[in-house]
Ligand SMILES: C[S@@+](CC[C@H](N)C(=O)[O-])C[C@H]1O[C@@H](n2cnc3c(N)ncnc32)[C@H](O)[C@@H]1O
């Protein structure tokens, strides 16, 4: 059975675990260290643990960090249940009732009053940065925060897509036009239910090292990294495709962010629209990889674009590898039209993507 942590929460441009699994299997042995410097929902990091590898992950986005940490440093189910009970006992709905109005119209239409009181409380008290138990609680809420109103009662919001947080004005207009009202959900009940569902399979034994950082900082954190990183299996933001920060604004709000969509506060690199700035970011990626990866390490990069063809992508990516200041050999590229691949997870509003390429490199030193 597919491990239920994999689908803890949808994430744009997530790759399927089969992609990570195949490369982990062919390039590494049990005990080897695998790095994903753009971890997203934590697919590579979690799959590596499932396959008995050691795992290092990094992402600049709060949602990505929280999901990756939750999956790869999962608490025991009994500890999770104990904390949910403690949080529920300490919840004073009277203290939060006056606050349901504070974020304006979107929130009043998105969540029923009781649900919003509970979310405001959990947003205040859940310490997802510091505690593995609280990271799992936050991740379970993130996975249920918005989605379809259906009989399964999994989602807490008025009708919304699961993958992205739609913009406030658009959402309110849509709900009014369709006469939709938010369902009255008890967040603690949903949390208990989701915990039982996700823990159907035991978490892996190992734990990943997860950094909440710009990946350009990895070289400075070298003394915290394991000595031999055997492979990097990753997918940087694609060229001019989507903005992870803006598209996840409601999840970022739950983790303490502002109650509206933002750009370039969490990440400067989500969506480069000029080739020059994009390739300079990719050159920085190579610089970091060159510093932290071990001799003979493999690098797998899934990359995509709306505007340039596969040959151009591959040539530019390969040309940037010189910024690693190591000898890099390009071993293969597999190109696909973007159907049934990572891009299926992009939001409908994102630009249609022409091409996605998987490039395999090895440091030859
Ligand atoms: C294509 S997604 C990765 C998806 C991932 N492979 C998965 O399966 O979920 C790219 C990620 O890069 C992150 N990111 C953007 N700029 C970054 C930076 N400078 N350093 C680290 N992470 C960054 C984004 O937050 C996003 O999560």
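Comparing 20, 45, 79 in a Gaussian network model of the chain, where Cα atoms under 10 Å apart are tied by springs, the biggest mean-square fluctuation is seen for 79. The distance separating the Cα centre of region 176-199 from that of region 62-106 comes to 13 Å. Between the helical axis of 132-144 and the longest alpha-carbon principal axis of the chain there is an angle of about 80 degrees.
A straight chain from residue 1 to residue 22 at 0.36 nm per residue would run longer than the Cα-Cα distance by 5.9 nm.
Rounded, prolate or oblate: pick one for region 33-96, where a ≥ b ≥ c are the square roots of the eigenvalues of its C-alpha gyration tensor, a/c under 1.5 means rounded, and failing that, prolate if a/b is larger than b/c, else oblate. Because a/c hits 1.5 or more and a/b fails to exceed b/c, region 33-96 counts as oblate.
GNM on the chain, C-alpha springs below 10 Å: top fluctuator among 90, 118, 248? Top of the fluctuation ranking is 90.
For residue 334 and residue 177, the FRET efficiency from 1/(1 + (r/R0)^6), where r spans their Cβ atoms and R0 equals 35 Å, is about 0.20.
When the Kirkwood radius is taken over all Cα pairs of region 77-198, what Stokes-Einstein diffusion coefficient follows at 37 °C and 0.692 mPa s, in µm²/s? Once the numbers are plugged in, D ends up at 220 µm²/s. Scoring 274-287, 63-76 by mean Cβ neighbours within 10 Å over their residues and listing the highest first yields 63-76, 274-287.
Mean residue ellipticity, 222 nm, helices only, the chain: the sum of -39500 (n - 2.57) across DSSP H runs of n ≥ 4, divided by residue count and rounded to 500, is -11500 deg cm²/dmol. What's the angle, to the nearest 10 degrees (0 to 90), between helix 275-292's Cα axis and the longest principal axis of the chain? Between the helix axis and the principal axis of the chain, the angle is about 80 degrees. With respect to the chain, whose longest principal axis is taken over its alpha-carbon atoms, helix 77-90 is tilted by about 40°. Dividing the Cα radius of gyration by the Kirkwood radius, what Rg/Rh value follows for the chain? Checking Rg against Rh, the ratio lands at 0.98.
None of the figures in this text is laboratory data; all of them are computed from the coordinates on show. Note that this is a predicted model, so its numbers are computed, not measured. Counting neighbours? That spans all protein chains shown, and the Cβs are built from the backbone with ideal geometry, glycine included.
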